[in-house]
Amino acid sequence: MDGGSTDATAAAAARFPRVRMLASPRGRARQMNAGAHAARGDVLLFLHADTRLPDGALAAVEAAVSDPGVVAGRFDIRFDNSRPMFRMIAWFMNQRSRWSGISTGDQAIFVCREIFEAMGGYPEIPLMEDVELCRRLKPRGQLAPLRLAVTTSARKWERDGAVRTILLMWALRFLYMVGVPPNRLHRWYDRREP
């Protein structure tokens, strides 16, 4: 899915004959909803461009959703940087997600199509769309926390610093939980992006 990028996204996608390049308006929620609309499967898996699925991922998703109580799920996460700091951050992210039932997009969230469509898809908010989706999924059934790990880029964490990124993410989540509108959070978040 491309939201009007000016980089080589289209050329990169064209190298893979089984990949279908779609265009949509900017915004992660809009892009994921457009991709879900174009998809044909009974289960939707949302994978960030800088995240890789492990071997056996699709079989693990199939096994998870074969339980009639499961409506969605996510993978554990690991970073492509093996330094101890990043292993510790991943461990805490996985524990927080397992405990709270709230996942981030980096964890390759998957959802049964029927449930996703009944909910109206991702809420079209500029930030926290993954948190809000999980919050809305929880009353509908179980979210399966798979221990199989996706590998995601540590680029942002390396660029901005691990402690600073952790504080930013927790501040954004806290402010969202106490009712700060996502548009306002997004403006703050965007100012911090180079």
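Couple of notes before you dig in:
- Candidate set: the stretch 133-151, residues that are outside any strand (DSSP E or B), among the basic types (Lys, Arg) and out of contact with any Pro (no Cβ under 9 Å at 6 or more places or on another chain); chosen: the one least open to solvent (accessible area, probe 1.4 Å): Lys138
- For the stretch 152-175, filtered to residues that are touching a residue at least 60 places away in the same chain (Cβ under 8 Å) and not hydroxyl-bearing (Ser, Thr, Tyr), the residue that is most open to solvent (accessible area, probe 1.4 Å) is Arg155.
Okay, residues lined up against (1) part of a helix (DSSP H, G or I); (2) touching a helix residue (DSSP H, G or I) at 6+ places or on another chain (Cβ under 7 Å):
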position	(1), (2)
Ala12	yes, no
Phe16	no, no
Ala49	no, no
Met85	yes, yes
Ile89	yes, yes
Phe92	yes, no
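- Residues that are within 19 Å of Gln107 (Cα to Cα) and either more than 13 Å from the chain's Cα centre (by Cα) or open to solvent by less than 30 Å² (accessible area, probe 1.4 Å) (or both) within the stretch 34-56 comprise Gly35, Ala36, Val43, Leu44, Phe46, Thr51, Pro54, Asp55, Gly56, listed in sequence order.
- Test: residue in the stretch 96-116 that is in contact (Cβ under 8 Å) with a residue 60 or more places away in the chain, open to solvent by 40 Å² or more (accessible area, probe 1.4 Å), closer than 16 Å to Ala34 by Cα and more than 14 Å from the chain's Cα centre (by Cα): yes
The values are calculated or read from the model by the stated rules, or taken from the named source; none is laboratory data. Because the structure is a prediction, the values reported are computed rather than measured. Using ideal geometry, Cβ is built from the backbone for each residue, glycine included, and neighbour counts are taken over all protein chains shown. In case anyone asks, the SASA skips ligands and DNA or RNA and just uses the protein heavy atoms, side chains included. Shrake-Rupley method; radii C 1.70, N 1.55, O 1.52, S 1.80 Å.
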